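Derivation of every value follows stated rules applied to the coordinates shown; laboratory data play no part. Keep in mind that what you see is a predicted model, and the values were worked out from it rather than measured. Here the Cβ positions follow ideal geometry from the backbone for every residue, glycine too, while neighbour counts run over all protein chains shown.
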Amino acid sequence: MLQWLINLVSPIFEGMGVSPVDVQTYAEMLSGYIYGILAVILAVIVMMFVAHVFKKGTRHVVRWTSVVCGLLIIALLANLICFGPMHDNLSALMSGLGTVSEESAAHSLEVIEKVGDEGIVLAQNDGLLPLSDTTKINVFGWAATNPIYGGTGSGSSSNEGNIDILTSLANAGFEVNQDIIDMYTEYSPTRNLGGNVVSVTFTDWSLPEAPADRYTDQLISDARAFSDTAVIVLARSGGEGQDLPMDMGSVIDGTYDNVRQEKAHGNAGYNYYASSYTNNGSYNDYEKGETYLQLSKTERDMINLVTSNFDKVVLVVNANNPMELGFVDDYPAIRSVILAPGTGRTAMNALGKIMKGTVNPSGRTIETYVRDQKATPAFNNYGNFTYDNVDDLLQQYTEADPGFQGVLSFVNYVEGIYVGYRFYETAFAEAEAGNMDFDYDAMVQYHQILHLLFMRYHCCWR
């Protein structure tokens, strides 16, 4: 019942700028009050029928008394909500502190776009960009029709009115092959392939991508005639609530959430692994042991198709976490790589300007991009680790807190400060000194010396 109400009111609040995740969170927080109000409404309805057993004169009194009592109880519950769990939110709203002037809102959109101009990263460029003389491009990758704008949990926001990838390209003066876009939107209008109810307690990790057989010979032939330049878009979500899956094969076969039974003894509140994945074809998109930050089989099939038909390819990575991009080295046709993570309301508008050459991309990577995530120290030091000798303490927690999730977890950060560049730069220095065997270039793909690429790119801009 509660989830049905959340699904019913979420579009209303989303139109007011409230994130569906926030609606879900607050609804679950207020669930006791909501069920109380529903119970009162049900009781009043029941009394309407029960009143038939009373005499005609008394019947109206019973009905009106039921309605008045019901309204008073609902008013009381509403006041308890307003002066209880929602007090901080409502007090700011009522005092006027929760409003934003039109001038401030317009200025924020300008700032967000400027952040995109200066924050999107050109990770690689082999003389292809800028496309100053190109007016038509083929855009491949389903994510081009539904990019990632933010994160999950408190990092989420409404996507309504956001500047998307296709709009950005159009604003920069590019004409996009609409036949390919229409094929993608027909394939899936939403990221949620499985039709699951997605919330802060459940994640659909599906990566919609049209299988190779969707690209007909006619579609590719027309695309080659349309333009000799292609853009590939890949996207990955991520944020609060669940770690990115380290074994997509188990998500696909349904065993990923077995940890709930193994570690939390079936506790319904332990939902960090509650998730699903819907394949794009009759095959599995991922094999056992492959991670969410690797290419899916369908994505690789699409890249194979594009790079075998076009030798001018720009890869746009719209991901909130560093993907494994070592595959770029396997495709000489991919001559430029742009990192455009969650761009919020207007920052994606920078993408078209950067590709056209009217904006010089000055962003820097804030993470080290490695060729194999599993070879990093941090990857091997996090996961689902729980104490297994505290049954008595678990019992006490369970009895004292109905919301307890049934586990006491820990993580040993044995890598210490050596995370990201601190590890790779230190290991490089140690290898140079002959103290360890370490091949920096074999491990690291995009790193801090990217500023050299930007300098070279800036020269090309002139």
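Just tell me which aspartates and glutamates come within less than 14 Å, Cα to Cα, of Lys288; anything on the same chain fewer than 8 places away is out.
By straight Cα distance, Lys288 reaches Asp247, Asp253.
If a paramagnetic tag sat 7 Å from the Cα of Ser132 along the Cα-Cβ line, which residues of the stretch 358-380 would have the backbone N under 18 Å from that point?
The answer is 358-362.
Go through Pro361, Pro11, Ile41 and say which Cα lies farthest out towards the positive end of the charge dipole of the chain; charges sit on Cβ, +1 for Lys and Arg, -1 for Asp and Glu.
Of Pro361, Pro11, Ile41, it is Ile41.
Each label point is 7 Å from the Cα along the Cα-to-Cβ direction; what then is the distance between the points at Glu432 and Val419, in nm?
Using points 7 Å along Cα→Cβ, the separation is 2.6 nm.
Based on the Cβ-Cβ distance from Asp439 to Ala378, what FRET efficiency comes out when R0 is 22 Å, to the nearest 0.05? Present the calculation step by step, with values, prior to reporting the outcome.
Details: r = 19 Å, r/R0 = 0.86.
For Asp439 and Ala378, the calculated efficiency is 0.70.
Along the Cα→Cβ direction, 7 angstrom out, place labels at His60 and Arg300. What is the inter-label distance in nm?
Taking the simple label geometry, His60 and Arg300 are separated by 7.9 nm.
Taking 0.36 nm per intervening residue step and subtracting the Cα-Cα distance, what contour gain separates Asn79 from Asp253 on full extension?
Details: separation 174, 0.36 × 174 = 62.64 nm, distance 4.71 nm.
Here the answer is 57.9 nm.
How far apart, in nm, are two points set 7 Å out from the Cα along the Cα-to-Cβ line at Tyr397 and at Gln218?
Placing both labels 7 Å along Cα→Cβ, they lie 6.1 nm apart.
Under unit Cβ charges (Lys, Arg +1; Asp, Glu -1), what dipole magnitude, rounded to 20 debye, does the chain have relative to its Cα centre?
Values: 26 positive and 53 negative charges, 371 e Å.
Rounded to the nearest 20 debye, it is 1780 debye.
If you average over every viewing direction, what projected area does the convex hull of the Cα atoms of the stretch 2-94 give, in nm²?
On the way: hull surface 28.8 nm².
Answer in nm², one decimal: 7.2.
Based solely on its DSSP helices, what 222 nm [θ] is calculated for the chain when runs of n ≥ 4 H residues each add -39,500 (n - 2.57) and the sum is averaged over all residues, nearest 500 deg cm²/dmol? Intermediate values should be presented prior to the final figure.
Numbers: 17 runs with 195 residues, N = 462.
That comes out to -13000 deg cm²/dmol.
For the stretch 181-293, what Kirkwood radius comes out of the mean inverse Cα-Cα distance, in Å?
Working: mean 1/r = 0.0621 Å⁻¹.
After inverting the pairwise mean of 1/r, the radius is 16.1 Å.
Translational diffusion coefficient of the chain at 4 °C, 1.567 mPa s, Stokes-Einstein with Kirkwood Rh over Cα pairs, in µm²/s as a whole number. Write down the numbers at each step before the final one.
On the way: Rh = 25.7 Å.
Roughly 50 µm²/s, to the nearest whole number.
Which of the residue pairs Lys312/Lys356; Lys136/Lys297; Lys312/Lys374 have a Cα-Cα distance greater than 25 Å in the structure shown?
Lys136/Lys297; Lys312/Lys374
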